[in-house]
Amino acid sequence: MKLAIAAIGLIALSHTPSLQAEGEVRLYTQRHYGSDLKVYEMFTEKTGIEVKLVKAGADELIARIEAEKDQPQADLFVTVDAATLDRAAKAGLLQKHGSEKLTGRFPKGLSAPDGTWVPFTMRARVIVHKNGLENPPVNYADLADPRFKGGVLIRSSSSGYNQSLLASIIAAEGKEKATTWAKGVKENMARPPQGGDRDQVRAINLGLGEVAVTNSYYLGLLEKSDDPKDRAAREAVTIVFPNQKDRGTHVNISGGGIVKGAPNADNAIKFMEFITSDEIQSLYQDLTSEFAVVEGIEANEMQKRWGDFKPDLTTIHQLSENTEEALKIFNLVGWQ
């Protein structure tokens, strides 16, 4: 199926709906993964509800929802960051879902305490290092250790993933320690920040550094890539889930919340229930290598090879209040 994706605009997915159509659900979504379309098609085939999309950056979508709040056009706001969902909820843009099927389905701390949004998938911010590295990092703090001077590969501070990580460090350890950490990582960088997460892993395989930071699912994409160079890059590194002896590895989610006054709120609830069903949670692990967010879903074989880990579920709802401070710290230490 081919779709012409505008920067922002309404996109109707073409399906063969069930015999009795049940209307539509409109998603304002930051997600850009092609595999989502397969899931949306499955939802329409099962329910007869047509999925319509508006794709853009999170800030642009929030601004659009605010502009339309007197006459809402969106049913569901979907983003890739818990802090953004919390920000939308605090701004009064989301309403409680009220679904018994969704209530209590997720680990404590992984969904909105007030019921305004739920997670769809989870990712971990992991460290990778070249195979055979002596005295490898085991905690995020190790990335700032002088023993890795000239060896750390990490993307720009403009990355929402790095902003989320630093916000979690502020929440867990305070601004002073977070600033010291960011300064130390900046001083240890093998090169100025460039590229995405996969580029950091590729750079290790090219001998440009020893350790890197990446989202877990990018390792799955490298491992399953059609490009032999990408598969070689994945094979060249060892995965570390940091901070397993204290707060756990920093995680974040993709998730969604019903827009206040949504014209198709009931359909949005059905969509959320479908996305978080056992079947689709397992499917997403295979499609995108993201982790399931529903308790009791078994990891797939590739994820099992990565190893079990303890996620940090204590700082997720403190990310939004610390993101601005994280940006100030990045600027202060000169992390581009």
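Phi angles of segment 292-306 translate, via the Karplus equation with coefficients 6.51, -1.76, 1.60 and θ = phi - 60°, into HN-Hα couplings of 5, 10, 8, 5, x, 7, 6, 4, 7, 4, 5, 5, 4, 5, 5 Hz per residue; Gly and Pro are given as x.
Extending 7 Å from Cα along the Cβ direction at ASP59 and again at ALA299 yields two label points whose distance is 3.5 nm. Fully extending the segment from ARG231 to LYS310, taken as 0.36 nm per residue of separation minus the present Cα-Cα distance, adds 25.8 nm. State, to one decimal in nm, how far the label point of LEU133 lies from the label point of GLN194, with both points 7 Å from Cα in the Cβ direction. Spacing of the two 7 Å Cα→Cβ label points: 2.0 nm. Translational diffusion of segment 52-101 was estimated from the Stokes-Einstein equation, with Rh taken as the Kirkwood radius over Cα pairs; at 10 °C and 1.306 mPa s the coefficient is 136 µm²/s. Helical runs (DSSP H, four residues minimum) scored at -39500 (n - 2.57) apiece and divided by the length of the chain put the mean residue ellipticity at 222 nm at -11500 deg cm²/dmol.
Could you order LYS177, LYS310 so the one with the most accessible surface comes first? Probe is 1.4 Å. Display every interim value, and only then the final one.
Values: LYS177 125, LYS310 80 Å².
The most accessible residue leads, giving LYS177, LYS310.
Rounded to the nearest 5, what % of DSSP beta bridges with both residues in the chain are antiparallel? Provide the component values of the computation, followed by the final result.
Values: 25 of 39 bridges.
Of the beta bridges lying entirely in the chain, close to 65 percent run antiparallel.
A straight line joining the Cα centroids of segment 20-60 and segment 207-224 runs 29 Å. A crude spin-label estimate for the pair ASP266 and GLN336, with each label 7 Å from Cα along the Cβ direction, gives 5.5 nm.
Taking LEU133, LEU287 and ordering them by how much accessible surface each has at a 1.4 Å probe, largest first, produces LEU287, LEU133. The phi torsions of segment 96-112, fed into the Karplus equation with coefficients 6.51, -1.76 and 1.60 and a -60° offset, translate into couplings of 5, 6, x, 8, 5, 5, 8, 5, x, 8, 10, x, 4, x, 8, 10, 5 Hz, rounded to whole numbers, with Gly and Pro shown as x.
On the accessible surface of the chain, probed at 1.4 Å, how many percent belong to carbon and sulfur atoms?
Numbers: 7120 of 14770 Å².
So the carbon and sulfur contribution to the accessible surface is 48 percent.
Note on the chain: Cα-Cα pairs beyond 25 Å make up 52% of the total pair count.
Taking Cα centroids, how far is segment 309-336 from segment 67-117 in Å? The two parts, judged by their Cα centres, are 21 Å apart. At full extension, LEU221 and LEU37 could sit 64.5 nm farther apart than now, given 0.36 nm per residue minus the alpha carbon distance.
Taking a 1.4 Å probe, which of HIS32, HIS317, HIS129 shows the most accessible area, and what order do the others take after it? Mind dumping the intermediate values first?
Values: HIS32 125, HIS317 45, HIS129 10 Å².
Descending order: HIS32, HIS317, HIS129.
With Cα atoms defining each centre, segment 240-278 and segment 147-206 are spaced 26 Å apart in the structure. Estimated translational diffusion coefficient (Stokes-Einstein, Kirkwood radius over Cα pairs, 10 °C, 1.306 mPa s) of segment 136-268: 97 µm² per second. Fully extended, how many nm does the chain gain between THR180 and LEU208 (0.36 nm per residue separation, minus their Cα-Cα distance)? Additional length available on full extension: 7.6 nm. Normalised Debye scattering of segment 188-336 at q = 0.10, 0.13, 0.21 Å⁻¹ gives log10 I(q)/I(0) of -0.49, -0.80, -1.40, counting only Cα atoms as equal scatterers and leaving out solvent. Compared with the dominant Cα axis of the chain, that is its longest principal axis, helix 160-173 is turned about 70°. Charges were assigned to the Cβ only: +1 to each Lys and Arg, -1 to each Asp and Glu. The resulting dipole of the chain about its Cα centre is roughly 760 debye. Only Cα pairs under 8 Å and 6+ residues apart enter the sum, and on that basis the relative contact order of the chain stands at 26 percent.
The three principal axes of the Cα atoms in segment 33-162 give end-to-end lengths of 57, 33, 29 Å, sorted in falling order.
Hey, what's the chain come to in accessible area per residue, 1.4 Å probe, Å²? Please list the in-between numbers first.
On the way: 14770 Å² over 336 residues.
Roughly 44 Å² per residue, with all protein chains present.
Please compare each pair in LYS130/LYS224; LYS130/LYS186; LYS183/LYS310; LYS38/LYS270; LYS245/LYS304; LYS101/LYS224 to a cut-off of 23 Å on the Cα-Cα distance and tell me which ones are over it. From the list (LYS130/LYS224; LYS130/LYS186; LYS183/LYS310; LYS38/LYS270; LYS245/LYS304; LYS101/LYS224), the Cα-Cα distance tops 23 Å for LYS183/LYS310; LYS101/LYS224.
The value of relative contact order for segment 24-66, using C-alpha pairs under 8 Å at least six residues apart, is 57 percent. Taking amide H as placed 1.01 Å from N in the peptide plane, the amide H of GLU24 sits under 5 Å from that of GLU50, each at least 5 places away or on another chain.
The values are calculated or read from the model by the stated rules, or taken from the named source; none is laboratory data. Because the structure is a prediction, the values reported are computed rather than measured. Quick reminder, even Gly has a Cβ in these numbers, built from the backbone with ideal geometry, and neighbours come from all protein chains shown. For the accessible areas, the whole protein counts, side chains as well, though only heavy atoms, and no ligand, DNA or RNA atoms are used. Shrake-Rupley method; radii C 1.70, N 1.55, O 1.52, S 1.80 Å.
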